[in-house]
Amino acid sequence: MADISSLFKTFTPSLSSIKADLLRANRECSQRKLFHSSKWAAELLYSIEAPVDYKQILTVQERPDFVEEYDKFCLASSFFDLKEYDRAAFFVQDCKNKKAYFLHMYGRYLADEKRKLDNAPDSIGPPDKLENEHFKTLKTELAKKYAIKELDGFCIYLYGVVLKKLDLLKEAIEVFVDAVNSEPLHWGAWLELVTLIKDKESLLALSLPNHWMKHFFLGHIYLELQLNEEGLKIYQHLMDKGFVKSSYIVSQVAMAYNNMREVDMAVNAFTELTEMDPYRLENMDYFSNTLYIKEMRADLAHLAHRCCDIDKYREETCVVIGNYYSLRQQHEKAVLYFQRALKLNPQYLSAWTLMGHEFMELKNTTAAIQAYRQAIEINIRDYRAWYGLGQTYEILKMPFYCLYYYRQAQKLRPNDSRMAMALGESYEKLERLQEAKKCFWKAHVVGDMEGMALIKLAKLHERLNEEDQAASAYTEYINEANRMGTFSAEDQSQAYKYLANYHLLRNNLDDAYAAAQKCTEFPERREEAKGILKDIQNRRARSEGAYPHPVRMDDSLGSICPDPLNISTRTPSVCLSPVNLKFDIGDD
């Protein structure tokens, strides 16, 4: 499973056989009112270009596999379509057929969920977590049949859902694994399993069926675990195998680029998705996030209008409109639309997280904390909510709290420099400087988005009197700033001043002269730089009896030394990598 190429050596079925599987999956899920799984199978089926004998397959599939109870099943199915769940469950309560039994249990489950939603308090906070006796009753009934192996793959899936609702997560994982082994074509069971796997080690420990559906599952869970490069490889292989026109795969590729903060590529992928499926609303909330980051106001306004025309009462539409108002700095309106999304779907993760951001903008830290906490309740892997909580407690000047939340965010996004930087700054405020150095070094190694890791690392070395390491870090900071063309005047002037003094103490007069001369370009350091230049001239006069260079304050570094990137030929660059700064902070 670790090697993507070897994984796909087991991808043996033909596209025709996959289409036949998807036809069956669509029918079975649709009859059980598992609409999202049915739609997923239909979309994938549509994207495959391969010959298949529809007449033969559909002739077999259209025959009911049970006759005696079929009229009751049809009646319950009609009530189910009208969301009369209790009524549907009642009319199939005595049925023995497994399909009818699933409809009975699923109707009872959804009826209780609907009652909870209808009775939920009309407030911005999370819904009350009340003891649910109905779930316990369902668990007891399903557990008895599961123990004697009377449940099919779909009923096993429902048993897992009930266990998850009761927070029996370890048992739920085992049951969902059993469900995908019993019925590998049910996409909903795979998705439920995705939400319970915390890391790659847990994933590798699962006993999964050797079925072509496993590849879609692995691609999806790799994205959830922020293993985006591996996920992209899987989706690329799937496209090579014949799924190139799948809107689902294109949406997952767009999500992967979004997770990797490859914003331009994400915009291109989302744009391709809207061209393939112009009336699609799934993932459009993430598309709006990407346009928000790029500050593409016109495109975001167009997307909001298009989503509103398609269905203004969908939660994705409310989030898109909320992002549009947020970009216009109308945070009260943005909160209103995120609240509307949550009324439509209280378990909508994106709306909770984004609403937390808006409350932060409105300085309402209490509401922000409430929103972020609910996001974590829904998905413990939502690094944005952990990071948002860290920022909130940082504003409240509660460093130990923000340290905890930043650490959780960093565990979820180990290669995101923003998480490492936030964690390092928290350690620095707590005077835990060794841990702070590790964090700033980690941020630099993984690719510093903000360009602050090296300068903060250098200042820490300077505070700890680690002169060689500080000089190396300041030098690398200057080189990096020159390469990127972006810098802070205050930080650069401090770096040049430190390097000038560092080389002067070691009698590296040419390097000290170059750094001091560059330092004169910054008004706040000019007088100090003049003093250093005079000291250098005096030392040269004593050693050579003459001044080799006149002091001219308008000289640039380029006219003093051959290459500004080689300012320090004798700076011990090996010291830039902090000795023993292995990034393993551990929990307090």
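Normalised by the residues of region 360-481, what does the relative contact order come to in percent, with Cα pairs under 8 Å and at least six apart? Before the final figure, lay out the partial values.
Numbers: 138 pairs, mean separation 17.6, N = 122.
Once divided by the residue count of region 360-481, the mean separation gives 14 percent.
Ignoring everything but the protein chains, give the 1.4 Å probe accessible area of Lys170 in square angstrom, nearest 10.
150
Once neighbouring chains are kept in place and the probe is 1.4 Å, which whole percent of the accessible area of the chain is contributed by carbon and sulfur? Can you show the working numbers first?
On the way: 14380 of 28380 Å².
After summing per-atom areas, the C and S share lands at 51 percent.
Using a 7 Å offset from the Cα along the Cα-to-Cβ direction at both Ser207 and Lys96, what is the distance between the two label points in nm, to one decimal?
3.1
Give me the accessible area of Trp352, 1.4 Å probe, in Å² rounded to the nearest 10.
10
Which angle from 0 to 90°, rounded to the nearest 10, does the C-alpha axis of helix 228-238 make with the longest principal axis of the chain?
Approximately 50 degrees, to the nearest ten.
Hey, with R₀ at 45 Å, roughly what FRET efficiency would Ala143 and Glu490 work out to, going by the Cβ-Cβ distance, to 0.05?
0.10
Give me the extension gain from Leu336 to Glu229: residue separation times 0.36 nm, minus the current Cα-Cα distance, reported in nm with one decimal.
Additional length available on full extension: 34.9 nm.
Take the alpha carbon gyration tensor of region 245-304, find the square roots of its eigenvalues, order them as a ≥ b ≥ c, and report rounded if a/c is under 1.5; if not, report prolate when a/b exceeds b/c, else oblate. Please list the in-between numbers first.
Numbers: a/c = 2.02, a/b = 1.18, b/c = 1.72.
Note, shape of region 245-304 comes out oblate.
Whole number in Å², please: accessible area per residue of the chain, 1.4 Å probe, ligands, DNA and RNA not counted.
With the other protein chains kept in place, the chain gives 48 Å² per residue.
For the chain, calculate the relative contact order in percent as a whole number, restricting contacts to Cα pairs under 8 Å that are 6 or more residues apart.
7
Tell me which lysines have Cα within less than 20 Å of Lys139's Cα, excluding those fewer than 8 residues away on the same chain?
Within the straight-line cut-off, Lys139 pairs with Lys96, Lys98, Lys99, Lys114, Lys116, Lys129, Lys149, Lys164, Lys165, Lys170.
What distance in nm separates the two pseudo spin-label positions at Glu295 and Met276, each 7 Å out from Cα along the beta-carbon direction?
3.2
Taking the 0 to 90 degree range and rounding to the nearest ten, how far is the long axis of helix 489-505 tilted relative to the main principal axis of the chain, both from C-alpha atoms?
The answer is roughly 50 degrees.
Could you name the aspartates and glutamates whose alpha carbon sits less than 14 Å from that of Lys136, not counting residues in the same chain fewer than 8 places away?
Asp112, Glu113, Asp167
Loop sites only, by DSSP: take the GluC sites (Glu not before Pro) in the chain that have at most 11 other C-beta atoms within 10 Å and name the longest stretch containing none of them.
Of all site-free stretches, the longest is 132-294.
Please pull out the direction-averaged projected area of region 132-285, using the convex hull of its alpha-carbon atoms, in nm² to one decimal place. Show your work: numbers first, answer last.
On the way: hull surface 41.6 nm².
The number I arrive at for region 132-285 is 10.4 nm².
Under 19 Å from the 7 Å Cα→Cβ point of Lys343, by amide nitrogen: which residues of region 361-401?
So the set is 371.
If R0 is 35 Å, what FRET efficiency do you get for Val445 and Ile380 from their C-beta distance, rounded to 0.05? If you can, show how the numbers build up before the last one.
Working: r = 27 Å, r/R0 = 0.76.
Efficiency, rounded to the nearest 0.05: 0.85.
Enumerate the aspartates and glutamates that Lys19 could reach by cross-link, defined here as Cα to Cα under 17 Å, with residues fewer than 8 away along the same chain left out.
Leaving aside aspartates and glutamates fewer than 8 places away in the same chain, those within reach of Lys19 are Glu28, Glu43, Glu49, Asp53, Glu62, Glu183, Asp240.
Relative contact order for region 361-409 using alpha-carbon pairs under 8 Å, separation at least 6, rounded to a whole percent? The partial results should precede the final answer.
Values: 40 pairs, mean separation 15.7, N = 49.
Value for region 361-409: 32 percent.
Which trypsin sites (Lys or Arg not before Pro) from region 296-395 combine a DSSP loop assignment with at most 13 other Cβ atoms within 10 Å?
Within region 296-395, the qualifying trypsin sites (Lys or Arg not before Pro) (loop, at most 13 other Cβ atoms within 10 Å) are Lys312, Arg328, Lys363.
Using a 7 Å offset from the Cα along the Cα-to-Cβ direction at both Val67 and Asn268, what is the distance between the two label points in nm, to one decimal?
The modelled label-to-label distance comes out at 5.9 nm.
If you wrap the chain's Cα atoms in a convex hull and average its projection over all directions, what's the area in nm²? Don't skip to the answer; put the middle values down first.
On the way: hull surface 129.1 nm².
With every direction weighted equally, the projected area is 32.3 nm².
Compute the angle between helix 247-259 and the longest alpha-carbon principal axis of the chain, please, reported from 0 to 90 degrees and rounded to the nearest 10.
It is inclined by approximately 30 degrees.
The values are calculated or read from the model by the stated rules, or taken from the named source; none is laboratory data. Remember, predicted model here, so these are calculated numbers, not experimental data. With ideal geometry, Cβ positions are generated from the backbone for all residues, glycine too; neighbour counts draw on all protein chains shown. All accessible areas refer to the heavy atoms of the entire protein, side chains included, with ligands and DNA or RNA removed. Shrake-Rupley method; radii C 1.70, N 1.55, O 1.52, S 1.80 Å.
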